[in-house]
Amino acid sequence: MTLAPFVILLLAAAVGYAINIQAARAIRSNGVRLHSLEGFHGLFSLLLVIVPVLTLVLLWLALEGGVINRLLMASLPDGVLDGLDSGAVQLIGAEIRSIAGGRIFGTPEDWKLEAADRLIAYRQTSAWLLVIVVVLVSAALVFFARGKVAAEFRARQGVERITLGLMVFCAVVAIFTTIGIVAALTFETIKFFQLVPVTEFLFGTNWEPQIPIREDQIAAEGAFGAVPVFLGTIVIATVALVVAVPVGLLSAIYLNEFAPHAFRKVVKPILEVLAGVPTVVYGFFAILVVAPAIRQFGQSIGLDVASNTALAAGGVMGIMLIPFISSFADDALSAVPQSLRDGALALGATRGEMMMNVVFPAAIPGIVGGVLLAVSRAIGETMIVVMAAGLIARMTINPLDSVTAVTVQIVTLLIGDTAFDNPKTLAAFALGMMLFLATLVINVFALRIVRKYREIYD
Amino acid sequence: MTDITPSDARPTSRGTATEAVRRSLARRNRKQLVLQGFGIAAIILAISMLLILLTSIISTGYHAFTQTHIQLEVYVDPEEIPAEGLPRGGFDDVLAAAMGAHFPAVDLTDRAATRELTSILSNGAQFILRDKVVADPSLIGQTVTLKVPVSDAYDQLNKGLVQRDTAEQFRRVDDAAIARFDRLDELGLISTPLNTALITNADSRFPELAGLKGALIGSFWALLTCFLISFPLGIGAAIYLEEFAPKNRFSDFIEININNLAAVPSVVFGLLALAVFIGWFGLPRSAPFVGGLTLALMTMPTIIIATRAALKSVPPSIREAALGVGASKHQVVFQHVLPLAMPGILTGTIIGLAQALGETAPLLLIGMNAFITSAPGSPFDSATALPTQIFIWADSPERGFVSRTSAAILVLLTFLIMMNALAIFLRNRFERKW
């Protein structure tokens, strides 16, 4: 039944296409010159049907659920919803829906069964209404498009205007996505800061969001200081960069200047594989191999190492970032003009000296841009830290301790919880806001450095 | 370059300067060698990490591609399983009797002893028998030859993952259990066939029954949704920006937006989906459709960037020729430039989809990590996806899930390799050098 409107829509579009082409052909066979090719008359009808009707169907399907729900709740017998909070009302709605879907648990009250029947009836009515509306509107549009067919009708311009509009819409989706992100984060973050003061979140040093919040409690006082969480992210990201930057830079220097062509051709794709491995795989690798290895090594030299250290999570994240840094550095080194290299060699420098004293310094801005992008990757990376880092926020910079991270907290606070009115879930959005802002600033800054530097040599 | 003329050498005397250079040359060359050595060491380190990752996953994962089974002659006792009682019945008692046939010494009225005896069988054995009898009730009263999985502990024992020489109290199976298992093995009842359940079963609490069917179907729906949304939107946006957009602030703004979206952490897209799709629009939680929608937003910038690069690489001569014979701007783009750019666009799209397939964090936030024991029937049913299934299994405490997690990772990596190979094939086969 949900497919029916789409089928009708496609049929109508096809019919309109065929009718218009026929009509245009008929005009031409009378010896009249058409302004536009027949195909454009057909396409004009096709687009004129598909675009508005598809929008209508999608809007209908998106809004249907909410409208039906409201009707359903209004139709419940008086008194059953009295004294219930929003959560309980939602639960009743969900129960009625599941009864309507044929999944009956226990013995529901009669009024719920009746409501379920009503729900089914509403849904059927809505589906039929939609089909009728689609048929009527499509027919009207096909008729309208047919009426437009004439020798001097500028069908091509019409089609081109519609496609241009569609393309602009596609491009604007990117803006809508950004607006959606900003709006969602801002909205929930403001709600969070109404419950927990901003200063406490930004400067507090105690993070214990998992404390059960009773109704008579003031929103978990003193438990939402995010400093240790930020600190944990910084520790893990630092470990990751300590691994990735030297390895990435050295391999880029070697590949760029010293490696034989065949070697470079083989090694570069292998390094890229490291970037293509999903992060959940790295996370599992961290808990399966790296964390036990670090723990064992620590014990062998008499250190007590936690099982979910910042070292394991950061180290594995570093491995993931190696190809990222190496390819950025490689690009930056390649962008240094040949004349600088030739000049250095002509002065008698060895190739090593040429690389370290001339080419590398000249490439530093591009490399810094790449490293900054890697930093934003590291602080936004989620799965590795969720699996390999700890849950408890500690004020420590010791990489052998178990630390937590912003992304870990976002995921653990939101898994299995949908209520948007308690500080626990809202805190995740506040953390997400911080993450979004931090990565945005770093990215804009890094991209600017990279671009500016490229312009100098181009 | 102070190295070339050391301070003690007089620039006027040529001989000493050359001499100084020659003396320092060995040291300078050594420095260069050290630099090269570090470079090679870095590359070896990176590649060996990749190798360690792959070997550790393969070496733990291959165990899960086989599953120990036990063959039983089960007498479907009509007293325990009356035909009119189906699908209920004493299936576990019937299985216990079949096991007891091999161990006459065990008293089947002793509940504890029976439980120990049947602990060899997987918890799902009775359901396998039940489904078989329900499908064909004429089996009641007959003896059925049944091949069922053994439970996780014995599976590990059979695969040598439980060390027999560790002290009994540190082992998962005690000596008596090992003796019973060995006796069944001697009777030739134990076999280790290919573990088809890994693909044909959905998730389960018991490792020996858990499979990837639900996750594979969930990932398929999510990826299909992602493709259907991001491909047309991405191409449309890219064509507009590359071919039609006027150079003004609005176009610049869109471009900056797309570049930034490509670098937004994936978990933030999860927050967006949770707040907007689920919170405001009321779409169902855990549904592959919502997952696909979220992944589409993340994949779109990748596709846009790839499409623009592909459009840019079509030489201007093509456009000029088409314009010259009277085509309109739209006809040039849609009938000439776009078809020529298609291989590049498809390559970029497949790579973007491969990234989307491995993406986990946003799917966790929209609840695609639920424990669901049946495969989804539509994109709107609750489901898991391959990466979230890996996350769930990696979190499970049972030993048997370690090898299954690795096996699931191998399945995921296989899909990624296939997609990337397809992308490379398309590029090599169809991409033209102008």
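The values are calculated or read from the model by the stated rules, or taken from the named source; none is laboratory data. Since the structure is predicted, the reported quantities are computational estimates derived from the model, not experimental observations. Virtual Cβ from ideal backbone geometry, glycine too; neighbours counted across all protein chains shown. Ligands, DNA and RNA are stripped out before the accessible areas are found, and what is left, the full protein with its side chains, is counted by its heavy atoms. Shrake-Rupley method; radii C 1.70, N 1.55, O 1.52, S 1.80 Å.
Yes or no: B:Thr384 more than 8 Å from chain A (Cβ to nearest Cβ) and open to solvent by less than 10 Å² (accessible area, probe 1.4 Å)?
Working: more than 8 Å from chain A (Cβ to nearest Cβ): yes; open to solvent by less than 10 Å² (accessible area, probe 1.4 Å): yes.
Considered against the rule, which asks whether it is more than 8 Å from chain A (Cβ to nearest Cβ) and open to solvent by less than 10 Å² (accessible area, probe 1.4 Å), B:Thr384 comes out as yes.
Can you find a residue that is open to solvent by 20 Å² or more (accessible area, probe 1.4 Å), outside any loop (DSSP other than H, G, I, E, B), assigned by TED's automatic domain parsing to the domain that holds B:Leu365 and of a type in the set (Val, Ile, Thr) anywhere in segment B:238-255?
No, there is no match, as no residue in segment B:238-255 is open to solvent by 20 Å² or more (accessible area, probe 1.4 Å), outside any loop (DSSP other than H, G, I, E, B), assigned by TED's automatic domain parsing to the domain that holds B:Leu365 and of a type in the set (Val, Ile, Thr).
Would you point out the residue of segment A:19-40, among those that are open to solvent by less than 50 Å² (accessible area, probe 1.4 Å) and in contact with a Gly (Cβ under 9 Å, 6 or more places away or on another chain), that is farthest from A:Val142 (Cα to Cα)?
So, considering only residues that are open to solvent by less than 50 Å² (accessible area, probe 1.4 Å) and in contact with a Gly (Cβ under 9 Å, 6 or more places away or on another chain), the one farthest from A:Val142 (Cα to Cα) is A:Ser36.
Output the residues belonging to segment A:21-68 that are farther than 17 Å from A:Ala151 by Cβ and touching a helix residue (DSSP H, G or I) at 6+ places or on another chain (Cβ under 6 Å).
A:Leu43, A:Leu46, A:Leu47, A:Leu48, A:Val49, A:Ile50, A:Val53, A:Val57, A:Trp60, A:Glu64, A:Ile68 - these are the residues of segment A:21-68 that are farther than 17 Å from A:Ala151 by Cβ and touching a helix residue (DSSP H, G or I) at 6+ places or on another chain (Cβ under 6 Å).
Would a scan of segment B:113-129 turn up a residue that is basic (Lys, Arg) and not in a strand (DSSP E or B)?
yes
What number of residues within segment A:168-189 satisfy the criterion of being polar (S, T, N, Q) and within 17 Å of B:Ala237 (Cβ to Cβ)?
Final tally of qualifying residues: 2.
How do the pairs read when you match residues in segment B:253-273 that are facing chain A (nearest Cβ under 7 Å) and aliphatic (A, V, I, L, M) with residues anywhere that are in a loop (DSSP other than H, G, I, E, B) and surrounded by fewer than 22 Cβ atoms within 10 Å (Cβ to Cβ), using Cβ under 9 Å and keeping only pairs 6 or more apart or on different chains?
Cβ pairs passing all conditions: B:Ile254/B:Ala245.
Kindly indicate which of A:Phe297, A:Phe258 is surrounded by fewer than 20 Cβ atoms within 10 Å (Cβ to Cβ), more than 7 Å from chain B (Cβ to nearest Cβ) and aromatic (Phe, Trp, Tyr).
The match here is A:Phe297.
From the list A:Gly65, A:Gly83, exactly one residue is without any contact (Cβ under 8 Å) to a residue 12 or more places away in the chain, surrounded by 13 or more Cβ atoms within 10 Å (Cβ to Cβ) and either farther than 30 Å from A:Trp111 by Cα or assigned by TED's automatic domain parsing to the domain that holds A:Asn20 (or both). Which is it?
None of the other options fit; the residue is A:Gly65.
Scanning segment A:275-322 for residues that are among the polar types (S, T, N, Q) and outside any helix (DSSP H, G or I), which turns out nearest to A:Ile397 (Cα to Cα)?
Top of the filtered list is A:Thr309.
Of the residues A:Arg97, A:Arg103, which single one is within 14 Å of another protein chain (Cβ to nearest Cβ) and surrounded by fewer than 14 Cβ atoms within 10 Å (Cβ to Cβ)?
The unique qualifying residue is A:Arg103.
May I ask you to verify whether A:Thr412 is in contact (Cβ under 8 Å) with a residue 12 or more places away in the chain, under 21 Å from the mean Cα position of the chain (by Cα) and at the interface with chain B (Cβ under 7 Å from one of its Cβ atoms)?
It is false that A:Thr412 is in contact (Cβ under 8 Å) with a residue 12 or more places away in the chain, under 21 Å from the mean Cα position of the chain (by Cα) and at the interface with chain B (Cβ under 7 Å from one of its Cβ atoms).
Name the residue, out of B:Ile372, B:Ile424, that is away from chain A (no Cβ under 12 Å) and either part of a helix (DSSP H, G or I) or surrounded by 19 or more Cβ atoms within 10 Å (Cβ to Cβ) (or both).
B:Ile372
Taking the condition in contact with an Asp or Glu (Cβ under 9 Å, 6 or more places away or on another chain), surrounded by fewer than 19 Cβ atoms within 10 Å (Cβ to Cβ) and at negative phi, does A:Ala310 pass?
Against the criterion (in contact with an Asp or Glu (Cβ under 9 Å, 6 or more places away or on another chain), surrounded by fewer than 19 Cβ atoms within 10 Å (Cβ to Cβ) and at negative phi), A:Ala310 does not qualify.
May I ask you to say which residue of B:Gly218, B:Gly160 is assigned to a loop (DSSP other than H, G, I, E, B) and among the small types (Gly, Ala, Ser)?
B:Gly160
Considering (1) touching a residue at least 60 places away in the same chain (Cβ under 8 Å); (2) over 33 Å from the mean Cα position of the chain (by Cα), say which one B:Gly326 fails and leave the rest.
Condition not satisfied by B:Gly326: (1).
Can you confirm whether A:Thr418 is surrounded by fewer than 21 Cβ atoms within 10 Å (Cβ to Cβ), within 10 Å of chain B (Cβ to nearest Cβ) and modelled with pLDDT under 90?
Working: surrounded by fewer than 21 Cβ atoms within 10 Å (Cβ to Cβ): yes; within 10 Å of chain B (Cβ to nearest Cβ): yes; modelled with pLDDT under 90: yes.
Here the answer is yes, as A:Thr418 does meet what is asked.
Does B:Gly367 qualify as being at positive phi and open to solvent by less than 20 Å² (accessible area, probe 1.4 Å)? Steps first, please.
Numbers: at positive phi: yes; open to solvent by less than 20 Å² (accessible area, probe 1.4 Å): yes.
Here the answer is yes, as B:Gly367 does meet what is asked.
Across segment A:139-169, what is the number of residues that are among the small types (Gly, Ala, Ser), surrounded by fewer than 17 Cβ atoms within 10 Å (Cβ to Cβ) and under 30 Å from B:Ile258 (Cβ atoms)?
1
Determine whether segment B:324-340 contains at least one residue that is within 30 Å of A:Val273 (Cβ to Cβ), more than 13 Å from chain A (Cβ to nearest Cβ) and open to solvent by less than 10 Å² (accessible area, probe 1.4 Å).
Scanning segment B:324-340 turns up no residue that is within 30 Å of A:Val273 (Cβ to Cβ), more than 13 Å from chain A (Cβ to nearest Cβ) and open to solvent by less than 10 Å² (accessible area, probe 1.4 Å).
Answer yes or no: is there a residue in segment B:333-353 that is closer than 15 Å to B:Ala222 by Cβ and either part of a helix (DSSP H, G or I) or in the same structural domain as B:Asn420 (by TED's automatic domain parsing) (or both).
yes
Return the total of residues in segment B:396-417 being open to solvent by 30 Å² or more (accessible area, probe 1.4 Å), more than 8 Å from chain A (Cβ to nearest Cβ) and not in a loop (DSSP other than H, G, I, E, B).
4
This table checks each residue for (1) out of contact with any helix residue (DSSP H, G or I) (no Cβ under 8 Å at 6 or more places or on another chain); (2) within 10 Å of another protein chain (Cβ to nearest Cβ); (3) of a type in the set (Gly, Ala, Ser); (4) closer than 24 Å to A:Ile442 by Cα.
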position	(1), (2), (3), (4)
A:Val227	no, no, no, yes
A:Phe230	no, no, no, yes
A:Ala240	no, no, yes, yes
A:Gly318	no, yes, yes, yes
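Suppose the filter is touching a Lys or Arg at 6+ places or on another chain (Cβ under 7 Å) and surrounded by fewer than 17 Cβ atoms within 10 Å (Cβ to Cβ); does A:Ala183 pass it? Can you show your working first?
On the way: touching a Lys or Arg at 6+ places or on another chain (Cβ under 7 Å): no; surrounded by fewer than 17 Cβ atoms within 10 Å (Cβ to Cβ): yes.
Considered against the rule, which asks whether it is touching a Lys or Arg at 6+ places or on another chain (Cβ under 7 Å) and surrounded by fewer than 17 Cβ atoms within 10 Å (Cβ to Cβ), A:Ala183 comes out as no.
Scan segment A:377-384 and tell me whether some residue there is of a type in the set (Val, Ile, Thr), buried (at least 24 other Cβ atoms within 10 Å of the Cβ) and not in a helix (DSSP H, G or I).
For segment A:377-384, residues of a type in the set (Val, Ile, Thr), buried (at least 24 other Cβ atoms within 10 Å of the Cβ) and not in a helix (DSSP H, G or I): present.
Does B:Glu80 satisfy being away from every other protein chain (no Cβ under 14 Å), charged (D, E, K, R) and in contact (Cβ under 8 Å) with a residue 24 or more places away in the chain?
Taking the combined requirement at face value, the residue does not satisfy it.
Quick check: is even one residue across segment B:160-169 on the phi > 0 side of the Ramachandran plot, exposed (fewer than 11 other Cβ atoms within 10 Å of the Cβ) and more than 32 Å from the chain's Cα centre (by Cα)?
Within segment B:160-169, none of the residues are on the phi > 0 side of the Ramachandran plot, exposed (fewer than 11 other Cβ atoms within 10 Å of the Cβ) and more than 32 Å from the chain's Cα centre (by Cα).
Give segment B:256-268 a look and list any residue that's surrounded by fewer than 20 Cβ atoms within 10 Å (Cβ to Cβ) and either of a type outside the set (S, T, N, Q) or not in a helix (DSSP H, G or I) (or both), or say none.
Within segment B:256-268, B:Ile256, B:Ala262, B:Ala263 meet the criteria.
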